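The values are calculated or read from the model by the stated rules, or taken from the named source; none is laboratory data. Here the structure is a predicted model, which means the values were calculated and not measured. Note that each Cβ is placed from the backbone with ideal geometry, even for glycine, and that neighbours are counted across all protein chains shown.
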Amino acid sequence: MAGVGELEELIARLHQDAQLDSAGKFTLDLAKSLQKLSQLARTYGNRWALYATQAGVAGGASQMHISSGLRSESVTIKFTGDLPEPLRDPRRFTRFDSEGAEDAPDTLLLRQAVQWALAPGSSVSLVVEDRRGGFCLSGQHQNYQIRDLPAAEASRVALVRERPAEAWWRNPFRRARNSLALLLECRWRLSFCPVPVKFDGLSLCSGMPYDLPGVPPLILMEQLRLESDPSAACLAASHPGDIPAMHYLVGEQVERRPQWATPPAQVGWMEMIHPTRNGMLFLQDGPPAPGGFTVGSWWSAHGEPQHLSLNFQDCLMEVYDGRRCRCANALFYGRPSRDLVYFQRFGMLCNPLELTNLQTDAWTVIVADNTIQLDPTGLTPIRDEYVLRRSGEIEESIRQTQIRLAGRLDPLGLPFRAF
């Protein structure tokens, strides 16, 4: 996938050689909104990139790439098929948000990405192309230019924001600081993104909470609620084979992972549940069933292969080649900290909310939900009636989980903190 250097060359070549299709000024409403947004965009300097990745998730992208170069930063979104028609209309990105409120989420989020990138006064270019052609929209302050692009072999959307000009001796230090800030924020906010995201070749989607700020190491369990509907909001959680557990639940019976199993267990216990099914885990000899979900594999004491399988289809994410699970939410139990819930909206984790009624100081919950309302920064959920109701449901689910686990884990001598 193209990095920021290739995009810089493309944009420079367009400005030199390509025929100008049209030019103009942003509407008065948009100019006023950019002025009001400027201070917020400077305070949250990486928000434009997160809006762009959210647009990719909403549009069904196959992969995304964030890149940071000497002169600019970019987000490139790649699609497998043709782009939706609204994304191929450059005029949708030269107007104010409220004028396109009826647009689909991918178009709305991409327009917000462009506006947040423009607000501090940066020079911004939006490249949209597929096999039917495309355009390059370049803007700064209140002016913009549109240039047509020829047909391309692959479908992609790229948003490039140039860095402000600085003295040569100052630029490398500022660039390193800004690049590190962008990497660190994207690393935790996109750690459960259902579309693969790379930052200059480094994968950002870990599927585990280790990159979340303030989350302690796990000591007991991970609970996954698997999701099979590709169109539903979902998390990309780590495959159980990557983070094996010491104990599994098969129906109502707790089974211990064999001591000789490889790789060794890292998490105290794992449970997998689907809302409409129960008791789906089963132990089988011989090769795993085709198309199934293999939770763990090992050799028995008699030298025969055994597999712990899940009788559930379509729970793996194709774009990850089976290395991530599709789930609606994930629960993690760790060392004393705070009870937190992270809502994920279109692949981006919002700022956490505290579950004040639990008082266990151990649980971290991540929930995929594209319908929650956010504050003007788009980072913090508004504690409205819907969010309060969802938080109450999560708290009750955790209480029931603790009740269900307490009787099973105490006889095994595993550490568990009662609520």
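Might you check whether a residue that is farther than 11 Å from Arg324 by Cβ and touching a Leu at 6+ places or on another chain (Cβ under 7 Å) occurs anywhere in the stretch 224-243? No, because not a single residue in the stretch 224-243 is farther than 11 Å from Arg324 by Cβ and touching a Leu at 6+ places or on another chain (Cβ under 7 Å). On the stretch given as the stretch 201-235, residues that are small (Gly, Ala, Ser) and in contact (Cβ under 8 Å) with a residue 12 or more places away in the chain total 6.
With respect to the stated conditions, Leu349 fails to be in contact with a Phe, Trp or Tyr (Cβ under 8 Å, 6 or more places away or on another chain) and modelled with pLDDT under 90.
Within the stretch 116-128, the set of residues being surrounded by fewer than 24 Cβ atoms within 10 Å (Cβ to Cβ) and closer than 27 Å to Gln373 by Cα comprises Ala119, Pro120.
Would you call Arg189 touching a Leu at 6+ places or on another chain (Cβ under 9 Å), under 18 Å from Cys327 (Cα atoms) and touching a residue at least 40 places away in the same chain (Cβ under 8 Å)?
Numbers: touching a Leu at 6+ places or on another chain (Cβ under 9 Å): yes; under 18 Å from Cys327 (Cα atoms): yes; touching a residue at least 40 places away in the same chain (Cβ under 8 Å): yes.
Yes: the conditions hold for Arg189.
Only strands (runs of 3 or more DSSP E) whose full extent lies in the stretch 296-413 are considered here, and the ones with at least 1 residues that are closer than 30 Å to Ser33 by Cβ are 340-345, 363-368.
Against the list (1) surrounded by fewer than 21 Cβ atoms within 10 Å (Cβ to Cβ); (2) more than 13 Å from the chain's Cα centre (by Cα); (3) assigned to a loop (DSSP other than H, G, I, E, B), the condition Ser206 fails is (2).
A quick yes/no check of all residues on (1) of a type in the set (S, T, N, Q); (2) over 16 Å from the mean Cα position of the chain (by Cα); (3) modelled with pLDDT of 90 or more:
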site	(1), (2), (3)
Arg324	no, no, no
Thr356	yes, yes, no
Ile366	no, no, yes
Glu385	no, yes, yes
Glu393	no, yes, yes
Arg417	no, yes, no
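Somewhere in the stretch 76-99, is a residue among the small types (Gly, Ala, Ser) and more than 23 Å from the chain's Cα centre (by Cα)? Show your work before the answer.
Narrowing the stretch 76-99 to residues among the small types (Gly, Ala, Ser): 81, 98.
Subsequent filtering for residues that are more than 23 Å from the chain's Cα centre (by Cα) retains 98.
Yes, because at least one residue in the stretch 76-99 is among the small types (Gly, Ala, Ser) and more than 23 Å from the chain's Cα centre (by Cα).
Take the conditions surrounded by fewer than 17 Cβ atoms within 10 Å (Cβ to Cβ) and of a type in the set (Asp, Glu) and apply them to Asp339. Does it pass?
On the way: surrounded by fewer than 17 Cβ atoms within 10 Å (Cβ to Cβ): no; of a type in the set (Asp, Glu): yes.
It is false that Asp339 is surrounded by fewer than 17 Cβ atoms within 10 Å (Cβ to Cβ) and of a type in the set (Asp, Glu).
A residue that is modelled with pLDDT of 90 or more, outside any helix (DSSP H, G or I), hydroxyl-bearing (Ser, Thr, Tyr) and surrounded by fewer than 20 Cβ atoms within 10 Å (Cβ to Cβ) cannot be found anywhere in the stretch 72-79.
Among the candidates Arg131, Arg147, the residue that is more than 27 Å from the chain's Cα centre (by Cα), crowded, with 22+ Cβ neighbours inside 10 Å and assigned by TED's automatic domain parsing to the domain that holds Asn178 is uniquely Arg147.
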